[in-house]
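Here is the structure we will look at.
The values are calculated or read from the model by the stated rules, or taken from the named source; none is laboratory data. Computed from a prediction, not measured in an experiment: that's the story for all the values here. Cβ: placed from backbone, ideal geometry, glycine included. Neighbour counts: every protein chain shown. These accessible areas exclude ligands, DNA and RNA; they are computed on the full protein's heavy atoms, side chains included. Shrake-Rupley method; radii C 1.70, N 1.55, O 1.52, S 1.80 Å.
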Amino acid sequence: MEQSKLLEQLNRFTRRKHTAQEVYMFDVILCDNEVDRDGECFTKQALETLCRRFEGVTGIFDHDPKGSRQTARIFATELVEDPARRTAYGAAYTYLKACAYMIRTDSNQDLIREIDGGIKKEVSVSCAAKTSRCSVCGSTGACAHEKGKVYGGRLCYRELEDISDVYEWSFVAVPAQVHAGVTKQYGASGGEDPVRKALQAQLNAQQQAVALARQDARKQIRQLLAATHSKSAAEAVMQSLEGMELARLYQYKDALRRDFSRQCAAQLQPGEHAPLDSFRM
Ligand SMILES: [Zn+2]
């Protein structure tokens with residue numbers, strides 16, 4: 001991109017217009033679609049979201065030897081495809097490139113020299129993905145496949161998708177590994193802590209049990225309503241039960257059943273008036 005175009009884009013994020021001499025602009029690769037050291041990769045959809053969401057986000061230079069917290073801001077992002085390079089799973093390598101800027105000051109001269117010298121090019125990205133999908137079976141929950149292993153000639157990794165949050169980006173002090181430092185979170189479960197995973201599995205099982213019980217209670221209520229109410233009234237009641245917690249659903253079901261029994265008993269004893277409309281919401 002031409003420098004004047006870059007400046008124009010940059011100045012959308014500044015309070016006043018800056019000249020080329022006042023700012024320092026540089027490119028960083030935020031993340032890509034390669035399988036990382038955690039056995040995970042971003043899908044194209046995830047990269048597209050990250051591309052949009054990282055614009056305007058401020059990054060931090062960690063571990064500054066002088067202790068001063070220098071920051072830089074991303075003012076433009078783009079997805080770049082490198083068809084000559086393939087990922088571990090055979091797709092065209094795609095990375096998210098960002099243009100960042102800093103306002104030149106006396107205190108960041110050294111830092112700028114370091115970036116120019118290629119020392120501080122590795123960045124760490126922090127974001128949250130709602131979906132993590134197994135590349136072998138497509139499951140978005142737990143499955144039998146282990147990341148990094150090969151099943152029937154297919155590498156197992158997790159595809160990260162549905163980015164819900166973009167937190168920050170920062171420069172890694174030691175750019176040792178390729179694809180260093182992309183940190184991710186998935187939904188509420190977070191990382192790979194085995195205890196947390198076990199608790200999450202337990203919670204999922206309980207939620208499933210509650211959902212089944214709720215379904216069963218609603219089914220029984222529907223049957224009771226069908227015997228005691230008109231179709232439209234029954235439908236209205238069913239709608240009003242939407243989202244009701246399980247304990248209250250049971251209470252309601254029991255009340256309906258008592259009511260129904262009373263009605264049946266009344267009908268068997270002619271002469272007594274049966275309170276047909278006795279149960280109303
Ligand atoms: Zn699987």
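Starting at the first residue of the range 260-265, write each ³J(HN,Hα) from the Karplus equation 6.51 cos²θ - 1.76 cosθ + 1.60 with θ = phi - 60°, in whole Hz, x for Gly and Pro. Going residue by residue, I get 4, 4, 4, 4, 4, 5 Hz, with x marking Gly and Pro. For the set Lys130/Lys219; Lys97/Lys197; Lys97/Lys147; Lys5/Lys97; Lys44/Lys197, the pairs lying more than 23 angstrom apart at their alpha carbons are Lys130/Lys219; Lys97/Lys197; Lys97/Lys147; Lys44/Lys197. Note that the range 246-254 has calculated 3J(HN,Hα) couplings of 4, 4, 5, 4, 5, 4, 5, 4, 4 Hz, one per residue in order, obtained from phi through the Karplus relation 6.51 cos²θ - 1.76 cosθ + 1.60 (θ = phi - 60°); glycine and proline are x.
Descending by average beta-carbon neighbour count within 10 Å, the peptides 93-100, 107-114, 163-170, 43-50 line up as 93-100, 43-50, 163-170, 107-114, the highest first.
Toward the positive end of the charge dipole of the range 198-268, with +1 on the Cβ of Lys and Arg and -1 on the Cβ of Asp and Glu, the farthest Cα among Gln239, Gln223, Gln263 is that of Gln263. Close amide H contacts of Gly59 (hydrogens built in the peptide plane, cut-off under 5 Å, sequence separation of 5 or more or a different chain): Ala72, Arg73, Ile74.
Shown in residue order for the range 201-215 are the 3J(HN,Hα) couplings computed by the Karplus curve 6.51 cos²θ - 1.76 cosθ + 1.60 at θ = phi - 60°: 4, 4, 4, 4, 4, 5, 4, 5, 4, 5, 4, 5, 4, 4, 4 Hz (x for Gly and Pro).
Largest first, the residues Glu78, Glu40 sort by 1.4 Å accessible area into Glu78, Glu40.
Compared with the alpha-carbon gap, the fully stretched path from Asn11 to Arg196 is longer by 62.1 nm at 0.36 nm per residue.
Can you tell me the length gained on complete extension of the stretch Lys219 to Glu78, counting 0.36 nm per residue apart and subtracting the Cα distance? The partial results should precede the final answer.
Numbers: separation 141, 0.36 × 141 = 50.76 nm, distance 5.20 nm.
Length difference between fully extended and current span is 45.6 nm.
Look at where the Cα atoms of the range 238-264 and of the range 73-128 average out, and the two centres are 60 Å apart.
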